[in-house]
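To start, the structure under review is shown below, and the notes come after it.
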Amino acid sequence: MSTWLGVGIGSKNSKGDWLEVYYPRELINPSEEIIVKTKELVNYQEGNLTRPIPQELKDDLSKINQEFFSLNAETCLVVIIDSELPPHDVPGSYLRLHLLSHRLVKPNEINLVGIFNVLPTVAWTSDGPKDPKEFVEILTTKKINNEPIHVFSLDKFPCLTDYVIPEGVRIADSHRVRLGAYLGEGTTVMHEGFINFNAGTLGKSMVEGRISQGVVVDEGSDLGGSSSTMGTLSGGNETLISVGKDCLLGANSGLGIPLGDRCIIEAGLYITAGTKVELIKANNQVEEVKASDLSYKNDLLFIRNSLTGTVQCKENSKTVNLNEELHSNN
């Protein structure tokens, strides 16, 4: 169990409901002295807590980020969360998402159960986050005043790069990576790549496919164009899918089992837990197994026999090597 403290600033709708909260990196667990003082001032015992910033903390926090405290005090707040407890409000949910994208916790290391029910749907616009229920009035006012406004999306999760800029990564289309994604240093996300919240890469990787919620891709792996990984948000799948080190998911392939290291799935082949696989052993004997029986096993090559249409698996003798220059991302 771990406790995290964040000092943030957010935006609300006209009713005073939180839409989103931003936490500067230096104001997440700023120092042990400030954390202890904060917990005393807000009378923190345990669990999750959201409070306005105590006046007695302003001087201490201003030394860390002076500009931050020149802003509207009504939207500044202190949030303390227990990593094992589920989120119960918008500020606590956003602190959890920041922790992931700042690489302070890894995917599946912090409780996010129920976050969809907590977060409101927000109109993410060129004029900041807006409540969709209030947007018609906002749009009318903008049009009357000849002020342009563009709606980028209607979603519960914002774009990662509107809140966090991870060091040492490249993202071709930032709208395809949600806040709460974990991008290891050296990761390249191409235009068609997508990374959901509570998912991501642990190191140098090429992402041209989709990394679904809860999925973790280890270092040195390549997700080819339009490949996909099966998440746990829909479809009743309870097994956390993962990709080991130095793996390759071919273009338009799919993964529904945890994959070991140095494995390859050929282009266009979708492997689910129940897929019947002909396992070709070293002595050329063939054993029929379910794909789930091969979970976490290393050095496997999955192919589809072009004559019979059966899915086959044999030992992989190839090595996946990513382009060093492409992933330096300096």
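Quick notes on this structure:
- Amide H contacts under 5 Å for Ile271, placed H, 5+ residues apart: Gly254, Leu255, Gly256
- When you count the other C-beta atoms within 10 angstrom of each residue and take the mean per peptide, 40-52, 142-154 line up highest first as 40-52, 142-154.
- Additional length obtainable on full extension of the chain from Ser83 to Lys318, 0.36 nm per residue less Cα span: 80.6 nm
- A DSSP coil position with no more than 16 other Cβ atoms inside 10 Å describes the following trypsin sites (Lys or Arg not before Pro) in the stretch 205-287: Lys281.
- For the stretch 6-46 versus the stretch 82-96, the gap between their alpha-carbon centres in whole angstrom: 12
- For the chain, DSSP calls about 55 percent of its internal beta bridges antiparallel.
- Spatial separation of Cα centroids for the stretch 136-187 and the stretch 245-313, in angstrom: 37
- Counting only DSSP beta bridges whose two residues both lie in the stretch 160-315, roughly 25 percent are antiparallel.
- Nonlocal amide H pairs with Tyr22, under 5 Å, H built at 1.01 Å: Ile9, Gly10
- Scaling against 2.2 N^0.38 Å puts the C-alpha radius of gyration of the stretch 193-330 at 1.01.
- Each stretch of four or more DSSP H residues adds -39500 (n - 2.57); spread over every residue of the chain, this sum gives -3500 deg cm²/dmol at 222 nm.
- Working ranking of peptides 101-108, 182-189 by packing, defined as the average number of other Cβ atoms within 10 Å per residue, highest first, is 182-189, 101-108.
- When the listed pairs Lys290/Lys314; Lys281/Lys318; Lys63/Lys156 are checked against a 22 Å cut-off, the alpha-carbon distance exceeds it for Lys63/Lys156.
- Debye log10 I(q)/I(0) at q = 0.24, 0.26, 0.32 Å⁻¹ for the stretch 118-165, Cα point scatterers: -0.88, -0.97, -1.24
- Charge tally around Leu5: other residues with Cβ under 14 Å, Lys/Arg +1 each, Asp/Glu -1 each, net -2.
- Close amide H pairs (under 5 Å, H built 1.01 Å from N) link Leu300 with Cys263, Ile264, Asn316, residues at least 5 positions away or on another chain.
- Taking all Cα pairs closer than 8 Å and separated by 6 or more residues, the relative contact order of the chain comes to 10 percent.
- Derived from the Cα gyration tensor, the three semi-axes of the equivalent ellipsoid of the stretch 3-118 are 21, 17, 13 Å, largest first.
Taken together, the values in this text are just the output of simple stated rules run on the coordinates, not laboratory data. Treat the numbers as computed from the prediction; the structure is a model and nothing was measured. A quick note on method: Cβ atoms are made from the backbone with ideal geometry, for glycine too, and the neighbour counts reach across all protein chains shown.
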